[in-house]
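Here is the structure we will look at.
The values are calculated or read from the model by the stated rules, or taken from the named source; none is laboratory data. If you're wondering where the values come from, they're calculated on a predicted model, not measured in any experiment. Methodologically, a virtual Cβ is constructed for each residue, glycine included, from the backbone with ideal geometry; neighbour enumeration extends over all protein chains shown.
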Amino acid sequence: MNIVLLGAPGSGKGTQASLIGEKFGLPHVSTGDMFRENIREKTPLGVLAKSYIDKGQLCPDDVTVRMVEDRLAREDCKKGFLLDGFPRTLEQAKALEKFVKIDCVLDIDVPLGKLLRRLTGRRCCEKCGESFHVDMLGGAENCPKCGGKLYIRKDDNEETVQNRLDVYVSQTETLIDYYAQAGTLRRIDGDRAIEEVFADVEKVLKAL
Ligand code: AMP
């Protein structure tokens, strides 16, 4: 099963991706996580990516596509994968088709007006990568799941978040029509509790 998760920043696609990965045994391929790993390790790709990510802009298509193509060619993706955060432009979607067949595109749909608050209140775990909203943490500074230290992503400040949402509307939203026309799109109402969203996701994937 080759799955793409679409959705604006803050729609909860990363959370759903972890749940899908666990339940269906698929590797979770997140381009945002891959870039952040490169930034932590100070690789040349990380240095390049940081200059875009810190401003809330997209990294260039060519380097992003190459990174994904290399990752999907690895053994663990042979039986399927879950792409989170890619494609984000029409060029990336067209490039992806050249090296894999996508079975299903899940769009986690959350009204844009709710995303700014979701993102600026987001706290991420240094250890397991899970994210939580500050409202759910009751002041806790450690991850409720694994106990790791929680941190605020550098690109989750209000100005950068606004840029990321603008980029989503101008470049990524068009992919919804693109995949609807291809017949692979399934829309999921993401403006609900995590478990309710996942119940719908599960129904769609089991029917494939
Ligand atoms: P994310 O964790 O998915 O929100 O991604 C964080 C940042 O990484 C984005 O704001 C972009 O700067 C960069 N990024 C992630 N995926 C892509 C992509 N497919 N194309 C270009 N830039 C990306």
(message) Suppose the filter is in contact (Cβ under 8 Å) with a residue 60 or more places away in the chain, within 26 Å of GLY190 (Cα to Cα), in contact with a Cys (Cβ under 9 Å, 6 or more places away or on another chain) and within 10 Å of the ligand (Cβ to nearest atom); does ILE3 pass it?
(response) no
(request) Please go through the stretch 135-159 and pick out each residue that is of a type in the set (A, V, I, L, M) and modelled with pLDDT of 95 or more. (result) LEU137, ALA140, LEU150, ILE152
(request) From (1) of a type outside the set (A, V, I, L, M, F, W, C); (2) at pLDDT 95 or above; (3) out of contact with any Asp or Glu (no Cβ under 9 Å at 6 or more places or on another chain), pick out the condition that doesn't hold for SER11. (result) (3)
(message) Within the stretch 15-35, take every residue that is without any contact (Cβ under 8 Å) to a residue 40 or more places away in the chain and near the ligand (Cβ under 10 Å from one of its atoms) and give me the one that is farthest from GLU202 (Cα to Cα).
(response) PHE35
(message) Can you tell me which residue is surrounded by the fewest Cβ atoms within 10 Å (Cβ to Cβ) among those in the stretch 127-151 that are over 15 Å from GLY32 (Cβ atoms) and within 17 Å of the chain's Cα centre (by Cα)?
(response) CYS128
